[in-house]
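Notes follow the structure.
The values are calculated or read from the model by the stated rules, or taken from the named source; none is laboratory data. In this text, all values refer to a predicted model and were calculated from it rather than measured experimentally. Please note: Cβ atoms are built from the backbone with ideal geometry, for glycine as well, and neighbour counts cover all protein chains shown.
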Amino acid sequence: MFARLGHAVVGHPWRVIAAWVVVAVGLVVFAPNLDSITNNDQTQFLPKSYESAQASEIASRAFPQADGVSAIIVLKRQDGGELTAGDQEQVGQVAAGLQSKGIDQVTAAVTSPQMVSPNRKIALISVQLDGTVSDPAVTDAVETVRDSLPALLSGGTLQAGVTGQAAIALDTMEKFNTAETVVGIVTIVLIVLLMLLMFRSPLAAIMPILTIALVMMVSNSMIALAGTAFDFEIGDFLPILLTVVLFGIGTDYILFLLFRYRERLRRGDESREAIQLAVHKVGEAIASAAGAVIVAFLALALSSFKMFETMGPSMAIAVGCMLIASLTLIPAVISLIGPKVFWPSKSWRTEPKVRLAGLAGRQVARRPLLIATVASLLLAIAAGGLTIMKQDYESLGSPQSGTEAATWFDTMQIGFPAGTTTPTQVYVTSTNGQKLDPAALTQFAGALATVKGVGQIQPAGVVDQQPVLYAPTADGLTAQITLLLASDPYSNEAMDAVEDVIRPEAHRLAPAGTEVKVGGTTSAFVDVRTATTRDLKVIFPVAAVLILLVLAFLLRAVLAPLYLMVAVLFGYAATLGATAFAFQGIGGEPGLMFMLPIITYLFVVAIGTDYNILMIARLREEAQLGLAPRQAADMAVEHTGPSIASAGVILAGTFCALLFSGITMLSQIGFAVAVGIVLASFVMAMFVVPSVTALIGPAAWWPGHGGDRVERPSPHPDAQPENAELLVGAGKS
């Protein structure tokens, strides 16, 4: 199949390239933009079975006037002193001025004496907006509010800034957009520099950038089309990951082809024949590697958290596009350029005199047991970090450091509970058709105020100079009580309080004949945590089984896929452990970002399997050429090692670009995946897999026929005297 594909592509390279260009241009012109299906409100991805989603449904039905989001203007004196009567009057003027501007999506800008802090140092203005945090009109409105403040405050003693849910969402979106640009630039620069270092050729360095950019246009449009057709949205961090993944694995697949193409040229093949044979020999490994990545990503479709559920198919579409390009577009381009792809370097013509991969291959052949043992010990030490690993959910919606929302969020806490920006709503609904009892509601709200984790009850209004603690609907069948949490509503502490104390107590204290649901952002984050914990238990085994089936299909064996999966999972444990050591042990972070185990698992296990597939495929190929297990290990490491090492460096480097994002969650993802790829390529694929295969021998291919001999190509490196000498000595180990 791959031989025929290589022949067809090389025979009609211009047609292949033209087809890709036409498809890319057509999709860019006529397909929707990826931004059209992007949502930066992660709580919107929860299914309706969770309590926070049910509370949101009650809010939309019973309190449509409050359905929307809010921003909070935090005001203080420039000298930090207590607010005077004149200052409070100016606060009211600012609110009235915003209200009179008629800003689109702003439905109200209100303040009151209750919105002055008890220590009289902070005043608040609540700005209500019609829409969701992901609506462009809402983010535009927040920017307009911010732009309006300097003029409204001119000549006074106050200074102000905007925080709250809508402002946090805006600043987070802008930070992600900046991060996407920075990561894209750093990724491209790293790839160009590393390719120049490896091949000393500007063409070899630029080719991946141009071809992968074309593939990225196609894949992004395909994902947007799928999202529109099947009505799903993606998280705001996915476009950044798509950039890194496509450039990372795309460059990997290009390297696999270039190294095998160069190897065939060194054996004396004509250029077109060399690229055809490269597609023939490496095509199955690339297809299997991409298949492992795709099925692992598709396992995310089983997630109950829709952000993961939609991320899986999206990533699978992107990898599928890259796979097709690797077997069509890339070979077509190489066939047209020919050996000039390595220009001006001439090193492609001859084997280097000293090769580190050759030395590594000889060591694996001579001492497979020692190599496997030492590598396993190193991985076990790194995996020890799992003993201190904790998951952190504060990155889920908390203000991004260095933003205006974060600065004024901290300022607000001088006078108000941290939960003021993001209240928690408790909804009480009659279950017997009778109107709710006002006395019982007041008593219930008073009891909630004493629950651990609650800072205070936010009054719904004032009657006869007495605060009203609940807001009823017109029919009297539903009421809303607003809680301000004592701790940062985005923190683990607040989520623990809602899950372990506030929800159970609210349910226990509910008035007779009523049902209580706890909603709000913190409650939604609690459900996100529950959903992701559940998803870990489902996705991990399913992805492992699917990857195992891909390996079994590739190798037509049972034993080799099993120890390959064990090796990959061992590498995954070492990756998470090393990341915990780095960020918790050294960096002092409270934990690792909650999505990190799933994302790392998919990238390290799926993409890391690529290198094992490439190595095991070469080991089988060498066994079929008649070499003994240790000889096969030597040849496989010597000839496949450079491409695996180069690909590992490239892919790890692209994920390191996330370290420049300025966003903690992306920095953790970048570090973890980079470490995992380094372990997968330089430890697992280069040493553990060939060593274990050499120790197991022909049984590794059972019940298949990996050792069946095929005709040896000529010349073969094992004919060289130094290798013959090595192979005699290898049997003495």
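Out of THR532, THR522, THR442, one residue alone is within 16 Å of ALA55 (Cα to Cα), among the β-branched types (Val, Ile, Thr) and in contact (Cβ under 8 Å) with a residue 24 or more places away in the chain. It is THR522. Looking across region 116-147 at every residue that is modelled with pLDDT of 85 or more, assigned to a helix (DSSP H, G or I) and surrounded by fewer than 17 Cβ atoms within 10 Å (Cβ to Cβ), the one that is farthest from the chain's Cα centre (by Cα) is identified as ASP147.
Among the residues of region 448-466, the ones that are farther than 22 Å from ALA418 by Cβ and either aliphatic (A, V, I, L, M) or in a loop (DSSP other than H, G, I, E, B) (or both) come to 4 in all.
Scanning region 561-590 for residues that are small (Gly, Ala, Ser) and in contact with a strand residue (DSSP E or B) (Cβ under 8 Å, 6 or more places away or on another chain) gives a single hit, ALA580. When the test is whether a residue is touching an Asp or Glu at 6+ places or on another chain (Cβ under 8 Å), assigned to a helix (DSSP H, G or I), of a type in the set (S, T, N, Q) and over 18 Å from ALA647 (Cβ atoms), THR172 passes it. Residues in region 503-510: is at least one under 30 Å from THR450 (Cα atoms), surrounded by fewer than 18 Cβ atoms within 10 Å (Cβ to Cβ) and among the basic types (Lys, Arg)? Scanning region 503-510, I find at least one residue that is under 30 Å from THR450 (Cα atoms), surrounded by fewer than 18 Cβ atoms within 10 Å (Cβ to Cβ) and among the basic types (Lys, Arg), so the answer is yes. Scanning region 534-563 for residues that are in a helix (DSSP H, G or I) and charged (D, E, K, R), which turns out farthest from MET307 (Cα to Cα)? For region 534-563, the residue satisfying everything is LYS537. Scanning region 474-485 for residues that are surrounded by 18 or more Cβ atoms within 10 Å (Cβ to Cβ) and either small (Gly, Ala, Ser) or in a loop (DSSP other than H, G, I, E, B) (or both) returns LEU477, ALA479. Go through the residues of region 269-278 one by one and say whether even a single one is touching a residue at least 40 places away in the same chain (Cβ under 8 Å), surrounded by fewer than 23 Cβ atoms within 10 Å (Cβ to Cβ) and of a type outside the set (Lys, Arg). Yes; the residues of region 269-278 include at least one that is touching a residue at least 40 places away in the same chain (Cβ under 8 Å), surrounded by fewer than 23 Cβ atoms within 10 Å (Cβ to Cβ) and of a type outside the set (Lys, Arg).
Any residue that is crowded, with 24+ Cβ neighbours inside 10 Å, more than 35 Å from the chain's Cα centre (by Cα), of a type outside the set (Lys, Arg) and modelled with pLDDT of 50 or more - is there at least one of those in region 680-692? Checking region 680-692: not a single residue is crowded, with 24+ Cβ neighbours inside 10 Å, more than 35 Å from the chain's Cα centre (by Cα), of a type outside the set (Lys, Arg) and modelled with pLDDT of 50 or more.
Out of region 148-157, which residues are in a loop (DSSP other than H, G, I, E, B) and over 20 Å from THR411 (Cα atoms)? If the condition is that a residue be in a loop (DSSP other than H, G, I, E, B) and over 20 Å from THR411 (Cα atoms), then SER154, GLY155 are the ones that fit. Among the residues of region 462-497, which ones are of a type in the set (S, T, N, Q) and in contact with a helix residue (DSSP H, G or I) (Cβ under 9 Å, 6 or more places away or on another chain)? Listed by number, the residues that qualify are THR473, THR478, GLN480, SER487, SER491, ASN492. Within region 644-658, none of the residues are modelled with pLDDT under 85, farther than 24 Å from THR187 by Cα, touching a Ser or Thr at 6+ places or on another chain (Cβ under 9 Å) and hydrophobic (A, V, I, L, M, F, W, C). Look at (1) closer than 30 Å to PRO629 by Cβ; (2) modelled with pLDDT of 90 or more and you find that PRO504 fails only one, number (1). Which number in (1) more than 33 Å from the chain's Cα centre (by Cα); (2) crowded, with 22+ Cβ neighbours inside 10 Å; (3) touching a residue at least 60 places away in the same chain (Cβ under 8 Å) marks the one condition that ALA405 misses? Result: ALA405 fails condition (1) only.
Only one entry of LEU469, LEU441, LEU477 meets the criterion of being hydrophobic (A, V, I, L, M, F, W, C) and at pLDDT below 90, and that entry is LEU469. Considering only region 511-533, state which residues are assigned to a helix (DSSP H, G or I) and either more than 18 Å from the chain's Cα centre (by Cα) or more than 30 Å from ILE58 (Cα to Cα) (or both). Scanning region 511-533 gives THR521, THR522, SER523, ALA524, VAL526, ASP527, THR530. Of the set (1) modelled with pLDDT of 85 or more; (2) in a loop (DSSP other than H, G, I, E, B); (3) closer than 21 Å to TYR490 by Cβ, all apply to THR422 but (1).
Filter region 427-438 down to residues that are within 14 Å of THR473 (Cα to Cα) and out of contact with any Lys or Arg (no Cβ under 8 Å at 6 or more places or on another chain) and give me whichever is modelled with the lowest pLDDT.
Of the residues in region 427-438, the ones within 14 Å of THR473 (Cα to Cα) are 427-430, 433-438.
Applying the additional criterion that residues be out of contact with any Lys or Arg (no Cβ under 8 Å at 6 or more places or on another chain) yields 428, 430, 433-438.
Values: VAL428: 95, SER430: 93, GLY433: 88, GLN434: 91, LYS435: 92, LEU436: 93, ASP437: 93, PRO438: 91.
Here the residue is GLY433.
Residues that are touching a residue at least 40 places away in the same chain (Cβ under 8 Å) and assigned to a helix (DSSP H, G or I) were ranked within region 497-510; the one that is farthest from VAL428 (Cα to Cα) is ALA497.
Taking GLN413 as the residue in question, decide whether it is without any contact (Cβ under 8 Å) to a residue 12 or more places away in the chain, closer than 21 Å to THR172 by Cα and among the polar types (S, T, N, Q). Yes, satisfied.
The sole residue among VAL106, VAL110, VAL74 that is at pLDDT 90 or above, among the aliphatic types (A, V, I, L, M) and surrounded by 15 or more Cβ atoms within 10 Å (Cβ to Cβ) is VAL74. Inspect region 230-252 for any residue being over 23 Å from ILE669 (Cβ atoms) and either crowded, with 23+ Cβ neighbours inside 10 Å or basic (Lys, Arg) (or both) and give the result as yes or no. Checking region 230-252: not a single residue is over 23 Å from ILE669 (Cβ atoms) and either crowded, with 23+ Cβ neighbours inside 10 Å or basic (Lys, Arg) (or both).
What residue, of LEU83, LEU98, LEU27, is assigned to a loop (DSSP other than H, G, I, E, B) and either in contact with a Ser or Thr (Cβ under 7 Å, 6 or more places away or on another chain) or crowded, with 20+ Cβ neighbours inside 10 Å (or both)? The match here is LEU83. Got at least one residue in region 586-600 being under 19 Å from ILE371 (Cα atoms) and either buried (at least 24 other Cβ atoms within 10 Å of the Cβ) or at pLDDT below 80 (or both)? No. Scanning region 45-68 for residues that are crowded, with 16+ Cβ neighbours inside 10 Å and modelled with pLDDT under 80 turns up PHE45, LEU46, GLY68.
Here ASP464 clears all of (1) touching a strand residue (DSSP E or B) at 6+ places or on another chain (Cβ under 9 Å); (2) at positive phi; (3) surrounded by fewer than 17 Cβ atoms within 10 Å (Cβ to Cβ) except the condition numbered (1). Of the residues making up region 306-358, those that are polar (S, T, N, Q) and assigned to a loop (DSSP other than H, G, I, E, B) are THR328, SER345, THR350.
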